[in-house]
Amino acid sequence: MGEKKLSDHYYSKQPHSQMKTDTIQVTLRHNDYTFTTGTGVFSKRRIDFGTKLLIESFQPPTIDGPFLDLGCGYGPIGIVLASMFSNRMITMVDINERAIELTKQNITINLIENARAYMSDGLANVAERNFAAIITNPPIRVGKKIVYSLLESSYDHLQEGGQLWVVIQKKQGAPSMKTFLATLFKSVATVERQKGYHIICATK
């Protein structure tokens, strides 16, 4: 993402570190899941608190349509939502080639039939503009400019009445993100707060 050289981070297109995989088992929304994780992806040893809070807090919009997991990592958000809402198609994208490989494995491991995963730098490769919900734990480390461009692009890929769900810590700029989202979306609400993390829902 962007012109800055990112040597080997979870937001690198092709991590160069040697791939070492691990398996974690978690219970989310009262269901058990198994995830293969690996070197060079975000939060490989456990599902981080922000992602977990986002998964547990999410409520589907009333409108029909598919969901997008933006910056899916190894896939916990999209896979859990695909399991919970089997009538929805879940698209999962990430800039990280290794993350997409792991996500595809995890879709298979967890017997998910209504999800697909592919590489995309933000929403650059995402053609659909009819999502009912876009869910993201954004890569704050890439900088405010890039993160806000992701939020702005998300607006364009939502249908009317669609929702953008974001997790961000207060110290990382939750209040200013809400202010920015309010310039784009019809309504913006903080639906959950825990341990300094805010779950923000913005409706188009």
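Test of understanding: what is the full-extension gain from ALA182 to ASP48, defined as 0.36 nm times their sequence separation minus their Cα-Cα distance? List each step's numbers first, then the result.
Values: separation 134, 0.36 × 134 = 48.24 nm, distance 2.70 nm.
That works out to 45.5 nm of additional length.
Too long at a 25 Å Cα-Cα cut-off: which of LYS52/LYS178; LYS52/LYS104; LYS20/LYS195; LYS144/LYS195? Each step should come with its number before you reach the end.
On the way: LYS52/LYS178 20 Å; LYS52/LYS104 20 Å; LYS20/LYS195 31 Å; LYS144/LYS195 22 Å.
Pairs exceeding the cut-off: LYS20/LYS195.
Under 5 Å between amide H atoms, partner at least 5 residues away or on a different chain: which partners does ILE95 have, H built in plane at 1.01 Å?
Amide H to amide H, under 5 Å and 5 or more residues apart or across chains, ILE95 pairs with SER120, GLY122.
Compute the Rg/Rh shape ratio of the stretch 21-203: radius of gyration over Kirkwood radius, all on alpha-carbon atoms. Intermediate values should be presented prior to the final figure.
Details: Rg = 15.0 Å, Rh = 16.2 Å.
Expressed as Rg/Rh, it is 0.93.
Nothing charged except the Cβ atoms of Lys and Arg (+1) and of Asp and Glu (-1): what's the magnitude of the dipole of the chain about its Cα centre? Round to the nearest 20 debye.
The calculation lands at about 740 debye.
Each value in this text was obtained by applying a stated rule to the coordinates, not by laboratory testing. Just so it is clear, the structure is predicted and the values come from calculations on it, not from any experiment. Positions of Cβ are backbone-derived with ideal geometry, glycine not excepted, and every protein chain shown enters the neighbour counts.
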